[in-house]
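Working notes, structure below.
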Ligand code: ACM
Ligand code: ZN
């Protein structure tokens, strides 16, 4: 790590001075800080704390705090190259970073942090709060230092706590298998954004990713596919076999790693649909008996578990028993989405079940299925969460609902006094394009720019004050239909994950889009340090065009999702450069003009060229 730091420092120094020099000049205001997510309260004070090798990290005997202190040392080493000692009795007169557990009113995840010339004190009532305090300390470290310059933090007092308890990210490992090494990195990145739930989508039609010792064929057969068509409806097929799965040892390693970073891992074991990977291995669990193949194409599969077959419930109880041994968290995701009922309508066993249980239709059969699994998990002290389709046919009595088809399901569940996690595809599906599709890598069809994630408000206005309390949090989802590398997963997740973090953590009144964009410039440097392949799409220029039909003119405004962009454009078909026309406000252009434009800073091009032809169509 030391080597990494030394290797990267010169690059960063150059980067910082070119890219955010103007921002560094804004001293004596809380704007000097770039903390993401924005804390509850920041109070800038006089003076500064100098970090050097003489400082010590002072903790009490708590073992958990020792682990947090070690992560602080690692962060200080990675970001500024110092490696302080952890002590329980600091040397007389030494300057310290004190990590202390004390009773407080800020809840389990809140903390207080004060920095003055003598040291830093972080206090929290639970280790979770101290862990978030050290994330903030990492973000107080200067990223704009020249070589040899001392490391200082301005004196400041911070009080902080999260808005929501569930601050999640889903990674779809079913459609693309990511290594344990990457999963741990993914959890690291969550933690640095003060996110606290990793939703591990372990079961999908295209791959069963969790070893189940009682049913070895799930991973011997269900974890592998011969080829994949990455582009829906096109000819492009990746002919390579793809697959992989996590062993029990892998999972224990990931869960322990997450626990040390105060991230709860929520495993998703899909049912009754999205399970072709299980049916390939055990076709007797379907209505038709198969045989099956894992398809090359994406989409919803009609073959699902048979809801009339007792063997299916025995199988799932066995699977969940192993899952519970591996995952200590109370909540287990049972899927529940996109389950076609075609085979249930004609399957004698399913129809017999409907008759025997006095159910109205196949939706009630799905509700029977989920409720039965809930009863099993509740009897073992666990709770279920499921996608909003579990509302159809009647919601299981103790279920939490994950609202993905917009917010309708979330509103309905909150009105029924069930906990809700908001993850609407309109605002939090991070696999959607974040820039103009022609400037982005192949992706899913939706459009979700950074500004739209940032603007998301999780509490629907329609809910009463009491119902609002059932919205327990928010989550972003990274589906993998078009994500087949760790670099692409990074790219889709960040910086939109930073916007999600602020939606999830920061008080609504503390959100500020302009200031977020400013802070993001420093966050990008942290991403560089960590090796996160973040998207630069926020620098892309996008157009707002008002046509003046009849005058053969249009008014065009140019925007980006970045801070104080320098936009240059051309109207003569040539590529823009810092010698082109500088954009300073709305422009009027004639029809049949094509605008080419890009963002620059200090002469360096930061975005690809966006192009727009101004054409008036007459109907
Ligand atoms: C989902 O996107 N099918 C939950
Ligand atoms: Zn059936």
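Observations on the model:
- Verdict on residue 177 being touching a helix residue (DSSP H, G or I) at 6+ places or on another chain (Cβ under 6 Å), in a loop (DSSP other than H, G, I, E, B), modelled with pLDDT of 95 or more and under 21 Å from residue 476 (Cβ atoms): no
- Of the residues in segment 441-448, at least one is touching a residue at least 12 places away in the same chain (Cβ under 8 Å), farther than 30 Å from residue 355 by Cα and within 12 Å of ligand 1 (Cβ to nearest atom).
- First in segment 473-499 and within 16 Å of residue 183 (Cβ to Cβ) and free of Cβ contacts under 8 Å to residues at least 24 places away in the same chain, second anywhere and part of a helix (DSSP H, G or I) and within 15 Å of ligand 1 (Cβ to nearest atom), Cβ under 6 Å, 6 or more apart: none
- Pairs where the first residue, in segment 343-363, is in contact (Cβ under 8 Å) with a residue 60 or more places away in the chain and the second is in a helix (DSSP H, G or I) and more than 16 Å from ligand 1 (Cβ to nearest atom), C-beta under 8 Å, 6+ apart: 350/343; 350/344; 350/362; 350/365
- Considering each residue of segment 302-316 in turn, at least one proves to be within 16 Å of ligand 1 (Cβ to nearest atom), in contact (Cβ under 8 Å) with a residue 12 or more places away in the chain and closer than 26 Å to residue 221 by Cα.
- Of residues in segment 504-519 being in contact with a helix residue (DSSP H, G or I) (Cβ under 7 Å, 6 or more places away or on another chain) and part of a helix (DSSP H, G or I), the one surrounded by the fewest Cβ atoms within 10 Å (Cβ to Cβ): 513
- The strands (runs of 3 or more DSSP E) falling completely within segment 539-619 that include 3 or more residues that are free of Cβ contacts under 8 Å to residues at least 60 places away in the same chain map to 542-548, 553-559, 566-570, 587-590, 593-601.
- Scanning segment 274-288 for residues that are away from ligand 1 (no atom under 16 Å from the Cβ) and part of a helix (DSSP H, G or I) gives 278, 279, 280, 281, 283, 284, 285.
- Any hit, segment 401-412, residues being surrounded by fewer than 17 Cβ atoms within 10 Å (Cβ to Cβ), more than 19 Å from the chain's Cα centre (by Cα) and closer than 30 Å to residue 382 by Cα: yes
- Number of the exception - residue 466 against (1) part of a helix (DSSP H, G or I); (2) within 14 Å of ligand 1 (Cβ to nearest atom); (3) out of contact with any helix residue (DSSP H, G or I) (no Cβ under 9 Å at 6 or more places or on another chain): (2)
- Filter result for residue 476 (within 14 Å of ligand 1 (Cβ to nearest atom), outside any loop (DSSP other than H, G, I, E, B), in contact with a strand residue (DSSP E or B) (Cβ under 6 Å, 6 or more places away or on another chain) and over 27 Å from residue 535 (Cα atoms)): no
- Hey, residue 251 surrounded by 14 or more Cβ atoms within 10 Å (Cβ to Cβ), within 30 Å of residue 357 (Cβ to Cβ), modelled with pLDDT of 95 or more and more than 16 Å from ligand 2 (Cβ to nearest atom) or not: no
- Residue check for residue 451: in contact (Cβ under 8 Å) with a residue 12 or more places away in the chain, more than 16 Å from ligand 1 (Cβ to nearest atom), over 16 Å from residue 170 (Cβ atoms) and within 18 Å of the chain's Cα centre (by Cα): yes
- One residue from 295, 328, 267 being within 30 Å of residue 442 (Cα to Cα) and part of a loop (DSSP other than H, G, I, E, B): 295
- Qualifying residue in segment 350-370 (condition: surrounded by 18 or more Cβ atoms within 10 Å (Cβ to Cβ), under 29 Å from the mean Cα position of the chain (by Cα) and more than 14 Å from ligand 1 (Cβ to nearest atom)): yes
- Residue within segment 186-197 that is under 22 Å from residue 481 (Cα atoms), modelled with pLDDT under 95 and touching a strand residue (DSSP E or B) at 6+ places or on another chain (Cβ under 8 Å) present: no
- Of the criteria (1) touching a helix residue (DSSP H, G or I) at 6+ places or on another chain (Cβ under 8 Å); (2) buried (at least 23 other Cβ atoms within 10 Å of the Cβ); (3) over 22 Å from residue 331 (Cβ atoms), which one residue 281 fails: (2)
- Residue among 346, 442 that is at pLDDT below 95 and surrounded by fewer than 17 Cβ atoms within 10 Å (Cβ to Cβ): 442
The values are calculated or read from the model by the stated rules, or taken from the named source; none is laboratory data. These figures come from a predicted structure and were not determined experimentally. As a convention, Cβ positions derive from the backbone with ideal geometry for all residues, glycine included, and neighbour counts pool all protein chains shown.
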